[in-house]
Amino acid sequence: MSIRKMIRVMLLDDHLFMLQGLELSLKTQADIQIAGSFSSSQALLEALQRQSVDLVLLDYSLGPDEIDGLNLVRGLKKRFPGMRLLVLSALHNPATVAMVMRSGADGFIGKEVDPSQLPIAIRRVVSGKTYLAETMSEQFREQEISSGDPSTAATNDDTDSLAILATNAALTGREHEVMRCLLDGMSVTQIANKFSRSIKTISTQKQAAYKKLGLNNDNELNKVRYLLEGQ
């Protein structure tokens, strides 16, 4: 009988009940050890400087004072390249999943998934494979996401907005941040406060992104958000 290697995991979610639920789901697993649970990205980063883990399970949509989900994934992958990342989110439309995976995540799982799937996902990702929940796999093939070609992942191939936002190659990092915040319903003023930039700077980045994405006004952005959220 083979003995499984102990998997050290850290958790990040700004909702206390969700964090406690994750802990309860994993504490029953003999081969998974929770090395820390955190409600802020800063606390997580400080802990990772002190000790290494095999995997971080993190919420994609943190609070307005937190790092943007994509930049958090990118930053973690850059600073801790040997660590695996499993992203947890209530929003898992094809474009969002594609962008997260391209940013360096090793797996993506929805918050509504059966808790029994969580340890399965963790073991798969730690083994070096990519994990997508079954409902996501029905929408697009896993290898198309992990290979960095998300434009093939959208279920509606004729929806240009999905393909453009999924690929997002034309946008700068800061333009991308602004677009993601706008899609989350934040105002220009709120975005300026979040990133400690001037309102004028955010407005300029917004207009530059609109031009690159072929958007003429906020109403068209709302149409894109509608498509992304699959409503």
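Within straight-line reach of K200, meaning a Cα separation under 19 Å, sit the following lysines at least 8 residues removed in sequence or on another chain: K211, K212. Maximal additional length on extending the E220-D184 stretch stands at 11.5 nm, based on 0.36 nm per residue less the C-alpha distance. In this calculation the C-beta distance from K212 to K78 is compared with R0 = 25 Å, giving a FRET efficiency of 0.50.
Approximating the spin labels as points 7 Å out from Cα along Cα→Cβ, the T130-to-E23 distance works out to 3.3 nm. Projected over all directions and averaged, the alpha-carbon convex hull of the range 1-96 occupies 7.2 nm².
Taking K111 as the anchor, which lysines have their alpha carbon closer than 28 Å to its alpha carbon, excluding any fewer than eight residues away along the same chain? List returned: K5, K27, K77, K78, K129, K194, K223.
FRET efficiency for the S116 to S196 pair, using the beta carbon distance and R₀ = 45 Å, is estimated at 0.60.
Readers should treat all values here as calculations from the given coordinates under stated rules, not as data from a laboratory. In this text the structure is predicted, and so the values were computed from the model without any measurement. Don't worry about glycine lacking a Cβ; one is built from the backbone with ideal geometry, like all the others, and counts go over all protein chains shown.
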